[in-house]
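Okay, handing you the structure first.
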Amino acid sequence: MRSSAPSPICQCFSPRGTPSPARTGCHGAARVTGDSCPRIMAPAEPGSAMESYAHPEFLISPQELHARLGEPGLVVLDVTTTLVAAKDKPFAPLSGEAEFLKSHVPGARYVDLERDLSVPVKGLLFTLPPLEDFARMAASLGIGRDSFVVVYSTAQPGWAARVWLMLRAFGFTNAAVLNGGFADWKAAGLPVKAGAVPPATPPLEEFAWRPADKRVFVDTRAVNKALDDGSSQLVNALPPDVFRGDSLIVYGRPGHIPQSINVPTGTLVDPETGRYLDPASLERRFTDAGIDPDTSVIAYCGAGVAASNVAFARLLLGHEKVSVYDGSMLDWSRDPLRPVVTGEK
């Protein structure tokens, strides 16, 4: 049995080919060239369920990562945050840095999503930062042109998925989410480290970061367009009681945006291991909710984290037409004229 983490405020945030030599990267894995930088693919374990995903390279298992620790260019990031009850507001983000100092993947660095990778906006959380701020933080973490980045969290994988999507939005695609997160790493009996880590070594070559791809994170205008013309399906990633509006947890106003379908982020992973469901089961989660492979999706939640997990799962399955409403319910609810409904639909 795994040790249980401190209880967060809602279940949405609960824990729980051989390349030719000419095209081989510094990690000894196949490079795929594109407009920006060579991409070093993280291979799936032979015979693993990840081989059946459309994009198995988006995930890496604890065993794979363990085998690659110490490789040049590898950057491992613990991005754990937890939302907890607060005295003067419904919830507040709690940094995972204290827990990181107690135990983390060897060589990992801690990143606080709200402090390090967001721009402060009154009433919102985790808002996408400007290009310059993101590029500066990424460089300070040692991320460069030939880096391979692995992101993980100790609780639900939306935190890791959020940072993975941010990297993708700014043009960096050579990244993977640790399947099962740190809990699965520890369950596998793999080594851990404690204490602070020294500053990262600057990358040998800087990465050419690009302005954020507006198809990855969208704003209220895209949501209004979806409501007006049905061009995209709105998918709410929060737990059913929060979706219905009968939970104590409220993101601005209780309920959800009209015409939304509820696909709780927690249903996309195995509750015991924290690993993503096998491809067929993961696909079924969406089709059972009425979301076909060709459906264009805008995922949202309370503050853009759980929604990132829905978007990541869609991309893992090869469904490219998916975006995250960056401000999510906290943003939508700020204008009293924007409709919010309660109930199952």
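Taking N as the number of residues in the stretch 156-231, what is its Cα Rg relative to 2.2 N^0.38 Å? The partial results should precede the final answer.
Numbers: Rg = 17.9 Å, N = 76, 2.2 N^0.38 = 11.4 Å.
Normalised Cα radius of gyration, the stretch 156-231: 1.57.
So, one more: Using alpha carbon centroids, what distance separates the stretch 96-156 and the stretch 161-233, in Å?
Cα centroid of the stretch 96-156 versus Cα centroid of the stretch 161-233: 9 Å apart.
Per q in 0.24 1/Å, what log10 I(q)/I(0) does a Debye calculation on the alpha-carbon atoms of the stretch 197-277 return?
-1.16
Could you tell me what % of all Cα pairs in the stretch 101-209 have separations over 20 Å?
Working: 2511 of 5886 pairs.
That tail contains 43 percent of the Cα-Cα pairs.
Could I ask something else about it? Roughly what percent of Cα-Cα pairs across the stretch 109-148 reach past 17 Å? Mind showing how you got there, number by number?
Working: 252 of 780 pairs.
Percent of Cα pairs beyond 17 Å in the stretch 109-148: 32.
If you don't mind, another one. Run the reach check for K193 against lysines, Cα to Cα strictly under 19 Å, same-chain hits fewer than 8 apart removed. What comes back?
Qualifying lysines at Cα under 19 Å: K102.
Beyond 17 Å, what share of the Cα-Cα pairs of the stretch 55-102 remains, rounded to the nearest whole percent?
On the way: 657 of 1128 pairs.
Beyond 17 Å sits 58 percent of the P(r) for the stretch 55-102.
Over the stretch 162-230, calculate the relative contact order: mean separation of alpha carbon pairs under 8 Å at least 6 apart, over the residue count, as a percent.
Working: 24 pairs, mean separation 34.1, N = 69.
Averaging sequence separation for qualifying contacts and normalising by length gives 49 percent for the stretch 162-230.
On to the next question. Considering just Cα atoms, how many Å³ per residue does the convex hull of the stretch 188-345 enclose? All intermediate terms of the calculation are to be shown ahead of the outcome.
On the way: hull volume 29.4 nm³, N = 158.
About 186 Å³ per residue, rounded to a whole number.
I've got another one for you. How large is the convex hull of the C-alpha atoms of the stretch 130-271 per residue, in Å³?
Numbers: hull volume 23.3 nm³, N = 142.
Dividing the Cα hull volume of the stretch 130-271 by its residues yields 164 Å³.
For the stretch 265-345, state what percent of all Cα-Cα pairs lands in each successive 5 Å bin, counting from 0 Å until the bin that includes the largest distance.
3, 14, 21, 23, 18, 12, 6, 2, 0
Since every read-out is calculated from the coordinates, none of them should be taken as a lab result. Quick caveat: nothing in here was measured; it's all calculated off a predicted structure.
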